[in-house]
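Q: Mind looking over this structure? Questions follow.
The values are calculated or read from the model by the stated rules, or taken from the named source; none is laboratory data. Here the structure is a predicted model, which means the values were calculated and not measured. Note that we place each Cβ from the backbone using ideal geometry, even for glycine, and neighbour counts take in every protein chain shown.
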Amino acid sequence: MADKEKAIKPIPNPKRGKPKDFSEKSLPPVDNTPPAPPVKPPKKEK
Amino acid sequence: MSINIYQDKYWKELYQLRVHVNYLEIYMERSERMDKTINIFLAITSSSSICGWAIWNKFGFIWGMIIAVSQLINAIKYFLPYRDRMKSLNKIVRDFDELLVFFEMRWFDVSEGKLTEEEINNLQFEIRKKKLESLKKHLGASSLPVKDKYFCMAKDNANAYINNFYSMEE
């Protein structure tokens, strides 16, 4: 019985459960952004 | 006036979001088209009236090949990624569209100097966080293979949009 349980125990997969980086895998980064329109300087911190 | 580093980062994040929305819309449209093409092909090959056309007596081998392909597609149809991808993309595009409207509206506050550097920085990372949340929620364990052609089209569309609404020319 113990041997049977041992036999069906799944082999641990180190890749399984590893969190995926969706931002990089699914959506490619964008380069050559066009220049921003004119802006006013940010508000000063108090 | 020269742009502040945080405003510049926000602008780049916003542009990236615009490109990604376009990219996902194109991706969705192409997946839908592929799914529809497969279904039309299967409908034609399973139509008994088309099977009965006299022309197939002449081109029996070709018809046999078509039937073989259609049976193969029928067998693997539910393992093809298009259908699941379409559902996921539909939800992601909806989320991203809402994000784009909201964060593009906030560009006014960013560009008019109504926010501090810290607030702009927080806003920029909010875009990233929300995008990531949506992708994790709807894509599950799968990921989208990168399609360079769609990406180029998405960038062209985004540039046209920027040109229309944010052009610096008088």
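Q: Considering only the range B:70-91, how many residues are hydrophobic (A, V, I, L, M, F, W, C) and either at positive phi or in contact (Cβ under 8 Å) with a residue 12 or more places away in the chain (or both)?
A: So the answer is 4.
Q: Please specify each residue of the range B:126-144 satisfying the condition of being at the interface with another protein chain (Cβ under 7 Å from one of its Cβ atoms), of a type outside the set (A, V, I, L, M) and either touching a strand residue (DSSP E or B) at 6+ places or on another chain (Cβ under 9 Å) or assigned to a loop (DSSP other than H, G, I, E, B) (or both).
A: If the condition is that a residue be at the interface with another protein chain (Cβ under 7 Å from one of its Cβ atoms), of a type outside the set (A, V, I, L, M) and either touching a strand residue (DSSP E or B) at 6+ places or on another chain (Cβ under 9 Å) or assigned to a loop (DSSP other than H, G, I, E, B) (or both), then B:Ser143 is the only one that fits.
Q: Right, another one. State all residues of the range B:145-170 that are assigned to a helix (DSSP H, G or I), over 17 Å from B:Glu25 (Cβ atoms) and facing chain A (nearest Cβ under 7 Å); if no residue qualifies, say none.
A: Of everything in the range B:145-170, just one residue is assigned to a helix (DSSP H, G or I), over 17 Å from B:Glu25 (Cβ atoms) and facing chain A (nearest Cβ under 7 Å), namely B:Tyr166.
Q: Return a yes/no flag: does the range B:126-149 have any residue that is over 19 Å from the mean Cα position of the chain (by Cα) and surrounded by 16 or more Cβ atoms within 10 Å (Cβ to Cβ).
A: Within the range B:126-149 (the criterion being over 19 Å from the mean Cα position of the chain (by Cα) and surrounded by 16 or more Cβ atoms within 10 Å (Cβ to Cβ)), the answer is no, since none of the residues qualifies.
Condition check ((1) among the aromatic types (Phe, Trp, Tyr); (2) out of contact with any Leu (no Cβ under 6 Å at 6 or more places or on another chain)) across all residues:
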site: B:Asn4; (1), (2): no, yes
site: B:Gln7; (1), (2): no, yes
site: B:Trp11; (1), (2): yes, yes
site: B:Leu17; (1), (2): no, no
site: B:Arg33; (1), (2): no, yes
site: B:Lys36; (1), (2): no, yes
site: B:Asn39; (1), (2): no, yes
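Q: Give me the residue from the range B:135-158 that is modelled with pLDDT under 95 and polar (S, T, N, Q) and, out of that set, farthest from B:Val101 (Cα to Cα).
A: Step by step, filter the range B:135-158, then rank; the result is B:Ser142.
Q: Would you mind finding the one in B:Arg30, B:Arg106, B:Arg94 that is touching a residue at least 12 places away in the same chain (Cβ under 8 Å), among the basic types (Lys, Arg) and within 30 Å of B:Glu119 (Cα to Cα)?
A: On inspection, the qualifying residue turns out to be B:Arg106.
Q: Another question, if that's okay. I need the full set of residues from the range B:25-47 which are under 30 Å from B:Asp97 (Cβ atoms), surrounded by 11 or more Cβ atoms within 10 Å (Cβ to Cβ) and aliphatic (A, V, I, L, M), in order please.
A: Across the range B:25-47, the qualifying residues are B:Ile26, B:Met28, B:Met34, B:Ile38.
Q: If B:Trp56 satisfies all but one of (1) closer than 30 Å to B:Ile26 by Cβ; (2) more than 28 Å from the chain's Cα centre (by Cα), what's the number of the condition it fails?
A: Condition not satisfied by B:Trp56: (1).
Q: Can you name the residue in the range B:8-27 that is free of Cβ contacts under 8 Å to residues at least 40 places away in the same chain and over 18 Å from the mean Cα position of the chain (by Cα) and, of all such residues, is farthest from B:Lys131 (Cα to Cα)?
A: B:Asp8
Q: Search the range B:1-17 for residues being more than 7 Å from chain A (Cβ to nearest Cβ) and under 24 Å from A:Pro28 (Cβ atoms), and hand back the single one that is surrounded by the most Cβ atoms within 10 Å (Cβ to Cβ).
A: Here the answer is B:Tyr10.
Q: Looking at this structure, is B:Ile26 part of a helix (DSSP H, G or I) and hydrophobic (A, V, I, L, M, F, W, C)?
A: Spelling it out, B:Ile26 is indeed part of a helix (DSSP H, G or I) and hydrophobic (A, V, I, L, M, F, W, C).
Q: Here are some residues: B:Lys129, B:Lys91, B:Lys149. Which one is within 14 Å of B:Leu17 (Cα to Cα) and of a type in the set (D, E, K, R)?
A: It is B:Lys129.
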